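Structure first, then comments.
The values are calculated or read from the model by the stated rules, or taken from the named source; none is laboratory data. Note that the coordinates shown come from a computational prediction; the quantities given were computed from them, not determined experimentally. Quick reminder, even Gly has a Cβ in these numbers, built from the backbone with ideal geometry, and neighbours come from all protein chains shown. Side chains included, ligands, DNA and RNA excluded: accessible areas come from the protein's heavy atoms. Shrake-Rupley method; radii C 1.70, N 1.55, O 1.52, S 1.80 Å.
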Amino acid sequence: MLRGAAVRAALLRAVRGAPGRAGLGRAVPRAEEEEEEEEERQRGGRVPLYPGHIPTTPLQKALLAAGSACAALWDPYRHDMVAVLGETTGCLALPKLRDRMRNDPEGYRILQERPRIRLSTLDMARLGGLPDGTLGREYIRFLEDNKVSPDTRMPAKFVDDEELAYVIQRYREVHDLMHTLLGMPTNMLGELPRSVLPTDPSDGFWPIGIPDPRPREVHGEVSSIPVPAPLSSVICEVVVKWFEAVQTGLPMCVLGAAFGPVRLNARKLQVLATELLPWAVRSGRNASCVLNVYYEQRWEQSVESLREEIGIFPPPAVCV
């Protein structure tokens, strides 16, 4: 009886295949198991899901989030730390943004085609030659005035989903377009009476959003190119972060909106709290999802008409 059981066991192993050996009728199930194991490893974040992806555990993400938050608060210009903070804390907000894009025809097309805003995909000369007031021309003006490049946006690394990684990458690449649409800082105020402008050329004050005609030194030479006052960029970045916080719900934006004003003086804080922030919050709530706009096909459209289409209210005329 024992011998019969041993024979049956041997036959069963021959049919199923012993561990590490090919058995009859086992090739297809083993291949399926390997595929399932590969999918399980991907879900567990143990293998890269896209170029540049760094798999991390929940504990590692928590440590990265805490460290990057401290570094970003200490030095807001550490864009690498801001990027890490956005990726490691966006686990709830990013799926909601992705779903909003999926449920919008234009947003769904963006998810399918995956456009990128980079120097290699932009015709800078053509955009710079568009009429004033168009999205393309004002975007190029913003890049030139602030000496920034679309290529400075870091690629996603710590998002454990390929599609969500593109969503946060898209958010980063349209961030400068948010400045353009919101009128921050180059054309925010529109026309102001000359009485608000300083009469002393040596005065360090200049209204936010008004081009500064005073000569400045560029690469050792004096230039009279109009530029916004340096302090204006701080206020404008805070306002944009409030708009983005309402729009996206990303903890990174909320943190930047909450702690961004700490270095402003009382006068600027008052204007920020009474004029700019209420406008940014109302615009963020009223506007449709800004990730659902195919900006690459809107370069010739005027900024004003695109604001109206999205639902962004005209920026207030204030002076700080």
Review point. Restricting the search to the range 278-320, which residues are touching a Lys or Arg at 6+ places or on another chain (Cβ under 8 Å), over 20 Å from GLY128 (Cα atoms) and among the aromatic types (Phe, Trp, Tyr)?
Key: PHE313
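Take the conditions open to solvent by 40 Å² or more (accessible area, probe 1.4 Å), closer than 17 Å to PRO251 by Cβ, not in a helix (DSSP H, G or I) and not small (Gly, Ala, Ser) and apply them to PRO76. Does it pass?
Values: open to solvent by 40 Å² or more (accessible area, probe 1.4 Å): yes; closer than 17 Å to PRO251 by Cβ: yes; not in a helix (DSSP H, G or I): yes; not small (Gly, Ala, Ser): yes.
Criteria met by PRO76.
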Point to revise | Boolean, VAL281 is within 30 Å of ALA66 (Cα to Cα), among the β-branched types (Val, Ile, Thr), modelled with pLDDT of 85 or more and surrounded by fewer than 22 Cβ atoms within 10 Å (Cβ to Cβ) | key: yes
Study note, to complete from the structure: Contact list, first residue from the range 117-146 and under 14 Å from VAL303 (Cα atoms) and surrounded by 14 or more Cβ atoms within 10 Å (Cβ to Cβ), second anywhere and acidic (Asp, Glu) and modelled with pLDDT of 95 or more, beta-carbon distance below 7 Å, six or more apart or interchain, is LEU130/GLU300; THR134/GLU300; GLY136/GLU300
Review point. Restricting to the range 249-269, what's the tally of residues that are among the hydrophobic types (A, V, I, L, M, F, W, C), loosely packed, with under 15 Cβ neighbours inside 10 Å and modelled with pLDDT under 85?
Key: 1
Practice item. Considering only the range 51-70, state which residues are among the hydrophobic types (A, V, I, L, M, F, W, C) and open to solvent by 40 Å² or more (accessible area, probe 1.4 Å). Key: ILE54, LEU59, ALA62, LEU63, LEU64, ALA66, CYS70
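Got a number for residues in the range 231-248 being over 18 Å from ALA71 (Cβ atoms) and at pLDDT 90 or above? Before the answer, list the steps.
So in the range 231-248, the residues over 18 Å from ALA71 (Cβ atoms) come out as 231-236, 238-240, 242-248.
With the extra rule that they be at pLDDT 90 or above, the set shrinks to 239-240, 242-248.
Final tally of qualifying residues: 9.
Looking only at residues that are assigned to a loop (DSSP other than H, G, I, E, B) and touching a strand residue (DSSP E or B) at 6+ places or on another chain (Cβ under 9 Å) in the range 299-320, which one is surrounded by the fewest Cβ atoms within 10 Å (Cβ to Cβ)?
Quick first cut of the range 299-320, residues assigned to a loop (DSSP other than H, G, I, E, B) only: 299-301, 311-320.
If we keep only those that are touching a strand residue (DSSP E or B) at 6+ places or on another chain (Cβ under 9 Å) too, we end up with 299-301.
Numbers: TRP299: 18, GLU300: 12, GLN301: 16.
This residue is GLU300.
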Study note, to complete from the structure: Per the list (1) modelled with pLDDT of 95 or more; (2) under 20 Å from LEU255 (Cβ atoms), residue check on TYR108 breaks on (2)
